[in-house]
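A.B. asks: Dropping the structure in here first, questions after.
The values are calculated or read from the model by the stated rules, or taken from the named source; none is laboratory data. Note that the coordinates shown come from a computational prediction; the quantities given were computed from them, not determined experimentally. Note that we place each Cβ from the backbone using ideal geometry, even for glycine, and neighbour counts take in every protein chain shown. To get the accessible areas, we keep the full protein, side chains included, count just its heavy atoms, and leave off ligands, DNA and RNA. Shrake-Rupley method; radii C 1.70, N 1.55, O 1.52, S 1.80 Å.
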Amino acid sequence: MRVTNSMMVQNMLDHLKNNMGDLNDLNEQLSSGKLFQTPSDAPIKVSESMNYKSQLNRNSQFQRNLNQAENWLNTTESALKSGTKVIQRARELTIKTANDSLTSGDRKMVAKEMKELRDELIDISNAKLGDSYIFSGQKTDAKPFEVVDNGIDNYVKYNGDTSKVARRLNENVEMDINLNGHEVFKDEIESINKIYNQLEDESISGEDIGNNLSEMDDSINKYAELRAEVGGKLQRTGNVIDRLEANEIHIKSLKSKNEDADLAEVITNLKMEETVYRASLASGSRIMQQSLVDFIR
C-alpha cells in the first residue's frame, strides 16, 4: 500500500483526536473525582452505582419510618406513664374514702380532686404527635374521646377505631406502633368517673367505694404490661436503627469504590497522557513542515 502525505496527516489528526479525548477524560476524572460522567463511559459501573443508590434510598426510607415509630412509641410511653400516676392517685383517694369515718364535706373535697383526675386522664388520652391523635387508631385526625355523660358508665364516647398503625422497619419486618384509646383509657375514665359520682352521693357507703379497688389494681397492672410492650418495641427499633446505620456506611463504601477515582492514579495517567499528546504534536509538526507540492503528491 502506497503511503501518501495526506494519509500521514489524516492519521496524525486521528491520533491527536484520540489523545486529546483521553486527556479530556482524565481531566474530567480529576476535576469531578468520579471515574465516569455519563452511562456510556462505564455501563456496568453505572448500573452498579444505580443499584447502590437504590439501596441507599430504601435504607433512608426505613430510617424515616423508624424515627416516626420511635417518636410515636415514646409519646405513647409518656402517656401511659402519666396515666399510671393518675390511676395510682385515684386509688389512694379511693382507699382514703373506703370507710364511713369521713364527713360529707370531706368526701366532697375528695370528689373534687377525683373529678380533676378524671379530666386529666381524658387529656392524656387525647395526646397528639404533630397533627395526629395517637390513640385514635387509624382515624388520627379524630379526637379519641368526647364527653357525653349519659350516666355513670357512659361518661365518654370513643371516636377512633381499633385499627393498627404500622410502620415498615425493613424489607421483611412491619411493626404495629399504636394502642387504641378504647382498650387503654375508656374503662379507666369510666371507673374514675364512677367513683367521683359515688363520692358525690351521700347514700353510697365507704364499702361500696372500696369495691372499686380491684378494678384500679387491674388498670395499674394493665398499664405496666402495656409500658413493657412499648419498651420492648422501642428497644427493637433502636437495634434496627443501629443495623441500618451500619448498612448505610457499608453501601456508601461500596458505591465510593465503584465510582470514585483514585486521584493519585489519575494524576499519574494524566501526566503520561500529556507526554504522549505533546509527542504527537511534535511528530505532527514535522509532517506539516512538508511543502504544499509534497502534500498533494
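A.B. asks: Given the criteria under 25 Å from PHE62 (Cβ atoms), assigned to a loop (DSSP other than H, G, I, E, B), open to solvent by 40 Å² or more (accessible area, probe 1.4 Å) and at pLDDT below 95, does ASN150 qualify? Spell out how you get there, then give the answer.
C.D. replies: Working: under 25 Å from PHE62 (Cβ atoms): no; assigned to a loop (DSSP other than H, G, I, E, B): yes; open to solvent by 40 Å² or more (accessible area, probe 1.4 Å): yes; at pLDDT below 95: yes.
Judged against the criteria, ASN150 is not a match.
A.B. asks: Right, next: Please go through the stretch 164-186 and give me each residue that is in a loop (DSSP other than H, G, I, E, B) and over 20 Å from ASN126 (Cα atoms), ordered by number.
C.D. replies: In the first step, residues of the stretch 164-186 are kept if they are in a loop (DSSP other than H, G, I, E, B); the result is 164-165, 169-173, 177-180.
Result: LEU169, ASN170, GLU171, ASN172, VAL173.
A.B. asks: Here's another thing I want to ask about it. Specify which of the listed residues (ASP123, ASP106, ASP119) is open to solvent by less than 50 Å² (accessible area, probe 1.4 Å), more than 19 Å from SER214 (Cβ to Cβ) and of a type in the set (Asp, Glu). Lay out the reasoning, then the answer.
C.D. replies: Numbers: ASP123 fails: open to solvent by less than 50 Å² (accessible area, probe 1.4 Å); ASP106 fails: open to solvent by less than 50 Å² (accessible area, probe 1.4 Å).
Going through ASP123, ASP106, ASP119 in turn, just one is open to solvent by less than 50 Å² (accessible area, probe 1.4 Å), more than 19 Å from SER214 (Cβ to Cβ) and of a type in the set (Asp, Glu): ASP119.
For (1) assigned to a loop (DSSP other than H, G, I, E, B); (2) in contact (Cβ under 8 Å) with a residue 24 or more places away in the chain; (3) in contact with a Lys or Arg (Cβ under 7 Å, 6 or more places away or on another chain), each residue gets a yes or a no:
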site	(1), (2), (3)
ILE87	no, yes, no
ILE95	no, yes, no
ASP119	no, no, no
GLY137	yes, yes, no
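A.B. asks: I'd like to check something: does the stretch 230-241 contain any residue that is open to solvent by 50 Å² or more (accessible area, probe 1.4 Å), small (Gly, Ala, Ser) and in the same structural domain as ASP119 (by the TED database)?
C.D. replies: Of the residues in the stretch 230-241, the ones open to solvent by 50 Å² or more (accessible area, probe 1.4 Å) are 235-236, 239.
Keeping just the survivors that are small (Gly, Ala, Ser) gives none.
No: zero hits.
A.B. asks: From TYR277, TYR223, TYR196, which residue is touching a Lys or Arg at 6+ places or on another chain (Cβ under 6 Å) and either in the same structural domain as GLN55 (by the TED database) or modelled with pLDDT under 95 (or both)? Working first, answer last.
C.D. replies: Values: TYR277 fails: touching a Lys or Arg at 6+ places or on another chain (Cβ under 6 Å); TYR223 fails: touching a Lys or Arg at 6+ places or on another chain (Cβ under 6 Å).
The conditions single out TYR196.
A.B. asks: Right, something else. Being among the β-branched types (Val, Ile, Thr), assigned by the TED database to the domain that holds LEU234 and farther than 26 Å from GLU113 by Cβ narrows it down to one residue among VAL165, VAL184; which is it?
C.D. replies: Details: VAL184 fails: farther than 26 Å from GLU113 by Cβ.
Being among the β-branched types (Val, Ile, Thr), assigned by the TED database to the domain that holds LEU234 and farther than 26 Å from GLU113 by Cβ holds for just one of VAL165, VAL184, which is VAL165.
A.B. asks: Next question, about the same structure. Being without any contact (Cβ under 8 Å) to a residue 40 or more places away in the chain, part of a loop (DSSP other than H, G, I, E, B) and of a type in the set (Asp, Glu) narrows it down to one of ASP208, ASP161, so name that one.
C.D. replies: Details: ASP208 fails: part of a loop (DSSP other than H, G, I, E, B).
Answer to the check: ASP161.
A.B. asks: How many of the residues making up the stretch 184-216 are among the hydroxyl-bearing types (Ser, Thr, Tyr) and farther than 18 Å from VAL110 by Cβ?
C.D. replies: In the first step, residues of the stretch 184-216 are kept if they are among the hydroxyl-bearing types (Ser, Thr, Tyr); the result is 191, 196, 203, 205, 214.
Subset that is farther than 18 Å from VAL110 by Cβ: 214.
Total satisfying the criteria: 1.
A.B. asks: Then there's this: When the residues of the stretch 132-180 are narrowed to those that are β-branched (Val, Ile, Thr) and more than 26 Å from TYR196 (Cα to Cα), which ends up nearest to the chain's Cα centre (by Cα)? Walk me through it before giving the result.
C.D. replies: Here is the first cut: in the stretch 132-180, the residues β-branched (Val, Ile, Thr) are 134, 140, 147-148, 152, 156, 162, 165, 173, 177.
Subsequent filtering for residues that are more than 26 Å from TYR196 (Cα to Cα) retains 134, 140, 162, 165, 173, 177.
On the way: ILE134: 16, THR140: 18, THR162: 23, VAL165: 14, VAL173: 14, ILE177: 12 Å.
Within the stretch 132-180, the match that is nearest to the chain's Cα centre (by Cα) is ILE177.
A.B. asks: Residues being of a type in the set (S, T, N, Q) and open to solvent by less than 50 Å² (accessible area, probe 1.4 Å): count how many of those fall in the stretch 60-81. Talk me through it step by step, then tell me what you get.
C.D. replies: The initial filter retains those residues of the stretch 60-81 that are of a type in the set (S, T, N, Q), namely 60-61, 63, 65, 67-68, 71, 74-76, 78.
Add one more test, that the residue is open to solvent by less than 50 Å² (accessible area, probe 1.4 Å), and what stays is 60, 63, 65, 75-76.
Number of matching residues: 5.
A.B. asks: Looking at GLU190, GLU225, GLU183, GLU200, which is the one that is surrounded by fewer than 19 Cβ atoms within 10 Å (Cβ to Cβ), over 33 Å from the mean Cα position of the chain (by Cα) and without any contact (Cβ under 8 Å) to a residue 40 or more places away in the chain? Walk me through it before giving the result.
C.D. replies: On the way: GLU225 fails: over 33 Å from the mean Cα position of the chain (by Cα); GLU183 fails: over 33 Å from the mean Cα position of the chain (by Cα); GLU200 fails: without any contact (Cβ under 8 Å) to a residue 40 or more places away in the chain.
Exactly one of GLU190, GLU225, GLU183, GLU200 is surrounded by fewer than 19 Cβ atoms within 10 Å (Cβ to Cβ), over 33 Å from the mean Cα position of the chain (by Cα) and without any contact (Cβ under 8 Å) to a residue 40 or more places away in the chain, namely GLU190.
A.B. asks: Does ARG227 satisfy the criteria of being out of contact with any helix residue (DSSP H, G or I) (no Cβ under 6 Å at 6 or more places or on another chain) and basic (Lys, Arg)? Lay out the reasoning, then the answer.
C.D. replies: Numbers: out of contact with any helix residue (DSSP H, G or I) (no Cβ under 6 Å at 6 or more places or on another chain): no; basic (Lys, Arg): yes.
So ARG227 fails the test.
A.B. asks: Looking at (1) assigned to a loop (DSSP other than H, G, I, E, B); (2) hydrophobic (A, V, I, L, M, F, W, C); (3) farther than 20 Å from VAL230 by Cβ, can you tell me which one ILE192 breaks?
C.D. replies: Only one criterion is unmet by ILE192, namely (1).
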